[in-house]
Structures are given as C-alpha cells and as structure tokens.
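K.L.:
Sharing a structure with you now.
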2 protein chains.
Amino acid sequence: MIKSIGVFDSGVGGLTVVKELIRQLPGEDIIYFGDTARVPYGTKSKETVIRFSIENILFLLKQEVKLICVACNTVSSVALPVIKQYFKVPIVGVITPGVREAVYATKNKRIGVIGTSSTVKSRTYENEIKQLDHKVSVMAKACPLFVPFVEEGWFSGKVVAQVAKTYLKPLRDAGVDTVILGCTHYPLLKAVIKEALGKDVILIDSAQQVAIEVKEILSAEGLLSKARRGRHRFYVSDNPEGFSALAKRFLGHDAREVSKVNNV
Amino acid sequence: MIKSIGVFDSGVGGLTVVKELIRQLPGEDIIYFGDTARVPYGTKSKETVIRFSIENILFLLKQEVKLICVACNTVSSVALPVIKQYFKVPIVGVITPGVREAVYATKNKRIGVIGTSSTVKSRTYENEIKQLDHKVSVMAKACPLFVPFVEEGWFSGKVVAQVAKTYLKPLRDAGVDTVILGCTHYPLLKAVIKEALGKDVILIDSAQQVAIEVKEILSAEGLLSKARRGRHRFYVSDNPEGFSALAKRFLGHDAREVSKVNNV
C-alpha cells in the first residue's frame, strides 16, 4: 500500500509548503488538512493550539500517512515539542529548516524574525537560532495584520505598505541583514516586505528547506515513493469553496480534490 | 432560583451589548460566553456558524439561563432563523433592533450597512429593512479588516483612516444618511468611520435597542429580576487573560469573573 505525506495548517497558508513538496517530490501522494473552521491559530493560547494540533494529527493518521509536515509556524513554535513526544510518525516542523538557512545566510549576525503573536511570544525562533550560533542577535516582531491582508487579497498598495513600514521599523533600526518569514502567509507579501526592509535584506521562506528535510527523512527510512506523479488531496473543516479560491494564490495552480470534513 | 440572561459571541465584541444590558438592567445576572478558541465567525460558512452557535447555546442552557442574547451580527444574520426553531428559550438577535432604529432614523431613505463578509453575504439586513419599508434603498459593504484592527488595538491613525475611506467610499457615493454598524466590534471604530462617511451621517449601534428588547421580553414574561445589582460571569473557550485585557475597552470596566471552559 502506498502511503501519503500528511500536511496540516490552520488554514490555507500551508499550501506554500505543499507547492514546494510537489516541486521537489513529484511522485509523492499528499494529503492536506486545513482547519478553516477554527483559523487563525496565531492569536490563540499554547494549550488550545496543542489541542487542535493533536486532533489534526489524529485525522491525518486515519488517512494512513507515513510522515506529517506541520506547515504552520504557530503550531511548529508552540506545539511541536509536545506533539513529537506523543506520536510515532515522523513529524517535521517549519522552524528548524528556516533557522538553519538564516544562520547560514547572515553576514552581520543580525537576524530578524516576523510571525504571528503566538509565534513571536513563544521565543522558539530566538532559542533555536541561539542554539545554532549564540553570537547571532535576534529581533522578533509580531505582524498580526499581515494574515488578514493576505486573506483579504491585499498584497500591495498604500495601506499594506504603510503597515509593513510600521511593523518592520524595529528590524530596520536593528540593522538585520536577514529576515525569516515566520508565517506561511508572508511569502505572498514578499514584495511589500522587501520594500519596507530595503532591497539588500535577505528574506528566508522556509518552504524550500522543509521539503529538503522531508525528502531526507523519507529517503533515510526507505519510504520514498517510486511513482512518477502523486495524487494531492485537500481536506478542510469549513468552506471548501473559499479554500479553493484562495488555494491557487498559494499553490500556483488549482487544488482539484477539495473536501469538507466535520472532524473538529 | 434566580436565572440569568445568557449572552454569547464569537469573542469579545459582544461585550458592547453586555455593557448596555448592565446599564439598562442593573439587577440582572448575566452569563457571557465568548468562543475565543474559534473566533472569528465572520469568515466562516453558514453551516459551521450554525453548528458553533448550537454548541454555545447548549453551554448557556446548562447554566440555566432564562433568555439568550446573540450578541454577534454574524450569528444573528446567518444562524438565528434556524436556532430559534430548535430551542424553547427566548433568543434575541442584534439585527432586528438595529434595523428598526435605522429605518426610523433615515430621512432620505438610503441606509448603509457594514459588517463581516458572512453578514453582508447573507443579505439579512437588506431583507429585514425592505420588509419594514420597501422604499428604502440599501448599500451593504463588508469590512473584513475592521475586526483585526480592533483586536490589534488600532482605533485611529493614518492606516485605519485610509482603509475606512476605501471600504466606505461606495456608501458615501450612494449618499446614505444612516449607517448600521453591523458588527459588535465596529462601535470602537466609530470616530474613524464617522470621519470617512462625513459628520452628518447617523451611525446606528444596535446594543441600546437590543437591551430594550430584552427588557420588554423579560417584563412580558414576568421574568425580570428584583435584585438591585446582578452578578456578571464571563466564560471563554480560550485565553481568559487576553479576553480580560480586551474586555475593558468594550465594557468600560474590568470583567472580574473570567473562566476558561473546554466545552468546544
């Protein structure tokens, strides 16, 4: 029996990771779950994010997945250490891959991190960066309006630019040369973020590194698919039409098989 | 046994209604439930909003409430007709009271309505206004970024003013003289909304009318409390600390008894 890669996120943002998984692992079947009935997670407590994550993982395990990719920075920041202890299936988050790339990329040893309130409050990025290189200084900033902007389809314009400028001023003042986009929605605002930070600043979008790590694990465990093209199925807890409409922006092509499930 | 008034909302916004209930009915005990684990409702499907509302009502019924006030425009718009059929307890929504006041207030028979995407999509306001006076023309506009602004504590400033101007231009162009604030968060943006619409436009905040309707029903059924001061208890499904911090802005004073429940 061919097993799939399971991916979950609070909503549609995790599709930026799916896009990269499809590019690097075209033969793999992918099952995606987006918890659109309870989105967003970024403003909710650690305890609740852990509870929701466990429910999402149990749903994916029922679909017989061989690996689970947490395509959500909030879950990866606040819940991953706990959920990794509970389950046998390999679970890959989005923090460590991004941290590795950022520490490798910075020249002046000053890294900026932007994400949801929960992600920033958890200090997970700071801790992981310091563990890899304690000489790096980190400036983290929550940008709570970026997710609503993306969901509203506002990727540019005066208002978005003004908000980006306000949010990112402390990072600019701190002179960071590398910034981690610590939320799967943020790659869609890359242009406006780059504009606000200055064009020499390197933006790290962890999706690429996440796919590399998934590939390494599957390869090490002898679990890589031998198929040429995989099947991609998408489940959401609410509003499959809304998900499909947004999916194209994140995925670069249509999400064909989208179903609603009442598991949460 | 003294029974309470039950109030629920997707989060903290419904406290604008609680504030008015306390002012008009100081002797009543109030039990509030804010579904902060699943907030917001305004971007979710009708089916899901109905499911969540039923769970919230069942929670309040366990607390032995004598009347339930749906202090959420999204729920009132999309779920009220269904949930009213299911339950014996009187259920009061926020649409009809606001509609009555707006139809009474308008001179040029042009009313604007602003709310979440779900509220506007439901066309409930249009239908109720037309039913009361079919000569009134209605211009409804969804303002999805207003809730994130309020939750982020941005009540004024260049960005908020610019977004308000963009959202409200169709209402201004339509020459409405009365605008219903069709979301419990919006009263906190009153100043900026007034600025964008022009100072002669009347803003309708339904909380006051809702409290009048609650009082009428309780009085008609002989259920009014005879106490001089009621007790006010607040339950949330996530993050009681965050709720308490925001509550003061909506309520005008501290919410003392706040507890977290795992009912959803």
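The values are calculated or read from the model by the stated rules, or taken from the named source; none is laboratory data. All figures in this text were calculated on a predicted structure; none of them were measured in a lab. Quick reminder, even Gly has a Cβ in these numbers, built from the backbone with ideal geometry, and neighbours come from all protein chains shown.
K.L.:
When B:Y167 is evaluated against the numbered criteria (1) surrounded by 19 or more Cβ atoms within 10 Å (Cβ to Cβ); (2) of a type in the set (F, W, Y); (3) touching a residue at least 40 places away in the same chain (Cβ under 8 Å), which criterion, by number, is the only one it fails?
P.N.:
Among (1) surrounded by 19 or more Cβ atoms within 10 Å (Cβ to Cβ); (2) of a type in the set (F, W, Y); (3) touching a residue at least 40 places away in the same chain (Cβ under 8 Å), B:Y167 violates only (1).
K.L.:
Being in contact with an Asp or Glu (Cβ under 7 Å, 6 or more places away or on another chain), of a type in the set (S, T, Y), touching a residue at least 40 places away in the same chain (Cβ under 8 Å) and under 25 Å from A:L145 (Cα atoms), is that true of even one residue in the stretch A:18-36?
P.N.:
Checked the stretch A:18-36: at least one residue is in contact with an Asp or Glu (Cβ under 7 Å, 6 or more places away or on another chain), of a type in the set (S, T, Y), touching a residue at least 40 places away in the same chain (Cβ under 8 Å) and under 25 Å from A:L145 (Cα atoms).
K.L.:
Restricting attention to the stretch B:128-144, which residues are within 14 Å of chain A (Cβ to nearest Cβ) and at pLDDT 95 or above?
P.N.:
Within the stretch B:128-144, B:K141, B:A142, B:C143 qualify.
K.L.:
Filter the stretch B:147-160 down to residues that are surrounded by 15 or more Cβ atoms within 10 Å (Cβ to Cβ) and facing chain A (nearest Cβ under 10 Å) and give me whichever is nearest to A:A161 (Cα to Cα).
P.N.:
Restricting to residues being surrounded by 15 or more Cβ atoms within 10 Å (Cβ to Cβ) and facing chain A (nearest Cβ under 10 Å), the top hit is B:V159.
K.L.:
Would you check if there is a residue in the stretch B:61-79 being touching a Ser or Thr at 6+ places or on another chain (Cβ under 8 Å), away from chain A (no Cβ under 14 Å), assigned to a loop (DSSP other than H, G, I, E, B) and surrounded by fewer than 21 Cβ atoms within 10 Å (Cβ to Cβ)?
P.N.:
yes
K.L.:
Within the stretch A:14-44, track down each residue that is within 14 Å of chain B (Cβ to nearest Cβ) and part of a loop (DSSP other than H, G, I, E, B). Lay out the reasoning, then the answer.
P.N.:
Applying the first criterion (within 14 Å of chain B (Cβ to nearest Cβ)) to the stretch A:14-44 yields A:34-44.
Result: A:D35, A:T36, A:A37, A:R38, A:V39, A:P40, A:Y41, A:G42, A:T43, A:K44.
K.L.:
So B:V179 fits all but one of (1) without any contact (Cβ under 8 Å) to a residue 40 or more places away in the chain; (2) assigned to a strand (DSSP E or B); what number is the exception?
P.N.:
The failed condition is (1).
K.L.:
Report the residue count in the stretch B:167-186 for those that are touching a helix residue (DSSP H, G or I) at 6+ places or on another chain (Cβ under 7 Å) and of a type outside the set (G, A, S). Spell out how you get there, then give the answer.
P.N.:
Restricting attention to the stretch B:167-186, the residues satisfying the condition of being touching a helix residue (DSSP H, G or I) at 6+ places or on another chain (Cβ under 7 Å) are B:168, B:171-172, B:178-186.
From what is left, the residues that are of a type outside the set (G, A, S) are B:168, B:171-172, B:178-181, B:183-186.
Counting residues in the stretch B:167-186 that are touching a helix residue (DSSP H, G or I) at 6+ places or on another chain (Cβ under 7 Å) and of a type outside the set (G, A, S) gives 11.
K.L.:
Here's a follow-up. Regarding A:V192, is this residue farther than 18 Å from A:G112 by Cβ and either part of a helix (DSSP H, G or I) or of a type outside the set (A, V, I, L, M) (or both)?
P.N.:
Here the answer is no, as A:V192 does not meet what is asked.
K.L.:
Further question on the same structure: In the stretch A:80-102, which residues are among the aromatic types (F, W, Y) and not in a helix (DSSP H, G or I)?
P.N.:
A:F87 - this is the single residue of the stretch A:80-102 that is among the aromatic types (F, W, Y) and not in a helix (DSSP H, G or I).
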